[in-house]
Amino acid sequence: MPQGLPPGIGPGRPNRLGRTGLIILVVVTLVAWAPVLSVLFTAAVAGALDCRVHEGFINPCPSPVGDLGELLYATGVMGWLMLATAPFMLATGVIWPVLLLAWIWRRIRR
């Protein structure tokens, strides 16, 4: 083992992204795509319950668990956050396929 290195660190295949980098990428992806998921949730629930949702004001939306009008309004309006997260959405939309292709390429080469 080379002198001066802590135990467990030595020659070997370097991990370019690392566990911390992957965790950061997952968190950034979830935060960046949260507005899209929010709008998809709103559309799915409103469609299933046949409710009207728009940004003007809260519409009543009766459901078996109570009125969901305020929740659907809030989650629908949250879609405007996409304006702020769009660059991160684009970045993660490019990074994840590149990482997947690199992983597949490494598997094929073995």
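Please state which of the following conditions TRP80 fails to meet, knowing it meets all the rest: (1) more than 23 Å from TRP103 (Cα to Cα); (2) in contact with a Ser or Thr (Cβ under 7 Å, 6 or more places away or on another chain).
(2)
What's the number of the condition THR92 fails, among (1) at pLDDT below 95; (2) part of a helix (DSSP H, G or I); (3) surrounded by 13 or more Cβ atoms within 10 Å (Cβ to Cβ)?
Failing condition for THR92: (1).
Would you pick out the residues in region 13-63 that are among the hydrophobic types (A, V, I, L, M, F, W, C), outside any helix (DSSP H, G or I) and either within 24 Å of LEU83 (Cβ to Cβ) or free of Cβ contacts under 8 Å to residues at least 12 places away in the same chain (or both)? I'd like the intermediate steps shown before the answer.
Of the residues in region 13-63, the ones among the hydrophobic types (A, V, I, L, M, F, W, C) are 17, 22-28, 30-34, 36-37, 39-41, 43-46, 48-49, 51, 53, 57-58, 61.
Now restrict to residues that are outside any helix (DSSP H, G or I): 17, 51, 53, 57-58, 61.
Scanning region 13-63 gives VAL53, PHE57, ILE58.
How many residues are closer than 17 Å to ALA46 by Cβ and either free of Cβ contacts under 8 Å to residues at least 40 places away in the same chain or among the polar types (S, T, N, Q) (or both) when one looks only at region 64-93?
Here the count works out to 14.
Just for region 95-110: of the residues that are part of a helix (DSSP H, G or I), farther than 18 Å from LEU25 by Cβ and of a type in the set (Lys, Arg), which one is nearest to the chain's Cα centre (by Cα)?
ARG107
The values are calculated or read from the model by the stated rules, or taken from the named source; none is laboratory data. It should be emphasised that the depicted structure is a prediction, and the values quoted were computed from it without experimental measurement. Cβ coordinates were reconstructed from backbone atoms using ideal geometry, including for glycine residues, and neighbour counts include every protein chain displayed.
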